[in-house]
1. Residues in the range 50-57: is at least one within 21 Å of residue 108 (Cβ to Cβ) and assigned to a strand (DSSP E or B)?
2. Please go through the range 30-42 and pick out each residue that is over 16 Å from residue 15 (Cα atoms) and in contact with a helix residue (DSSP H, G or I) (Cβ under 9 Å, 6 or more places away or on another chain).
3. If only one of 70, 20, 62 is under 30 Å from residue 85 (Cα atoms) and not in a loop (DSSP other than H, G, I, E, B), which one is it?
4. Within the range 89-119, track down each residue that is outside any helix (DSSP H, G or I) and more than 9 Å from the chain's Cα centre (by Cα).
5. What helices (runs of 4 or more DSSP H) lie completely within the range 142-226 and have 1 or more residues being loosely packed, with under 14 Cβ neighbours inside 10 Å, outside the structural domain of residue 94 (by TED's automatic domain parsing) and at pLDDT below 90?
6. Given (1) part of a helix (DSSP H, G or I); (2) over 20 Å from residue 8 (Cα atoms); (3) within 24 Å of the chain's Cα centre (by Cα), where does residue 45 come up short, assuming only one miss?
């Protein structure tokens with residue numbers, strides 16, 4: 001990852017700052033070593049735009065542009081490093097990067113990543129959905145998790161309510177059933193509701209896997225409890241907070 005610039009702008013009346021060395025990096029970027037010893041990392045476009053060469057004297061306006069370009073590159077590489085670890089939603093990435101960089105610059109960076117297809121809330125939502133399914137959780141729990149992570153409601157509905165997932169939700173319910181093994185169907189109903197499954201999904205699971213409780217006695221999950229988003233500690237490592 002590119003280094004965070006440590007060079008401070010000189011006063012308005014200070015003399016120009018010389019370029020002591022240009023270092024071609026293995027990632028295709030360029031290290032600009034200034035006479036004061038500060039090293040800034042920029043891309044090839046910055047070299048061309050500022051006409052950088054060894055010995056060039058940079059006036060203050062050129063230094064401002066150099067610093068801005070270096071920070072933008074550092075921010076972009078920080079964002080890409082987070083995305084390389086696992087999918088992120090935009091709000092989550094914005095929060096993490098906002099700890100180190102100005103909000104306006106973070107917003108511009110994320111807009112660029114979105115236009116390039118590198119940041120996509122739908123892709124993030126589907127990744128978390130699949131991970132939660134694999135843990136035996138239902139759609140209400142997935143919906144709560146996604147909303148808690150800042151994914152907008154329209155995206156959440158589109159991903160969670162996909163009709164093509166009907167059998168996958170049932171498979172997740174069977175997995176939760178195998179983990180809980182409640183002898184009492186009513187207790188099993190409660191556990192499945194707590195895991196975020198809908199009334200119709202639970203009723204189908206009961207019809208498939210349980211006996212002893214007449215359908216007219218099956219309670220509605222909404223009557224049993226209000227679900228809260230899952231804690232991060234419940235998530236699998238690849239989707240834990242990092």
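1. Initial filter on the range 50-57 (within 21 Å of residue 108 (Cβ to Cβ)): 50.
This time we only want the ones that are assigned to a strand (DSSP E or B), so: none.
There is no residue in the range 50-57 that is within 21 Å of residue 108 (Cβ to Cβ) and assigned to a strand (DSSP E or B).
2. Selection gives 30, 32, 40, 41, 42.
3. When all the criteria are applied, what remains is 70.
4. We begin by selecting, within the range 89-119, every residue outside any helix (DSSP H, G or I); these are 89, 98-102, 116-119.
Of everything in the range 89-119, those that are outside any helix (DSSP H, G or I) and more than 9 Å from the chain's Cα centre (by Cα) turn out to be 98, 99, 100, 101, 102, 116, 117, 118.
5. Values: elements: 153-160, 166-180, 185-194, 199-209, 221-224.
The helices (runs of 4 or more DSSP H) meeting that bar are 166-180, 185-194, 199-209, 221-224.
6. Condition (3) is where residue 45 drops out.
Per-residue answers, yes or no, for (1) assigned by TED's automatic domain parsing to the domain that holds residue 85; (2) within 15 Å of residue 62 (Cβ to Cβ); (3) modelled with pLDDT of 85 or more; (4) surrounded by 14 or more Cβ atoms within 10 Å (Cβ to Cβ):
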site	(1), (2), (3), (4)
2	no, no, no, yes
5	no, yes, no, yes
12	no, yes, no, no
21	yes, no, yes, no
24	yes, no, yes, no
27	yes, no, no, no
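Rundown of residues vs (1) in the same structural domain as residue 174 (by TED's automatic domain parsing); (2) under 30 Å from residue 157 (Cα atoms); (3) surrounded by 12 or more Cβ atoms within 10 Å (Cβ to Cβ), yes/no style:
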| position | (1), (2), (3) |
| --- | --- |
| 46 | no, no, yes |
| 52 | no, no, yes |
| 56 | no, no, yes |
| 75 | no, no, yes |
| 92 | no, yes, yes |
| 96 | no, yes, yes |
| 127 | yes, yes, yes |
| 130 | yes, yes, yes |
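The values are calculated or read from the model by the stated rules, or taken from the named source; none is laboratory data. Here the structure is a predicted model, which is why all the values come from computation and not from measurement. Cβ sites come from the backbone with ideal geometry, for glycine too, and all protein chains shown count toward neighbours.
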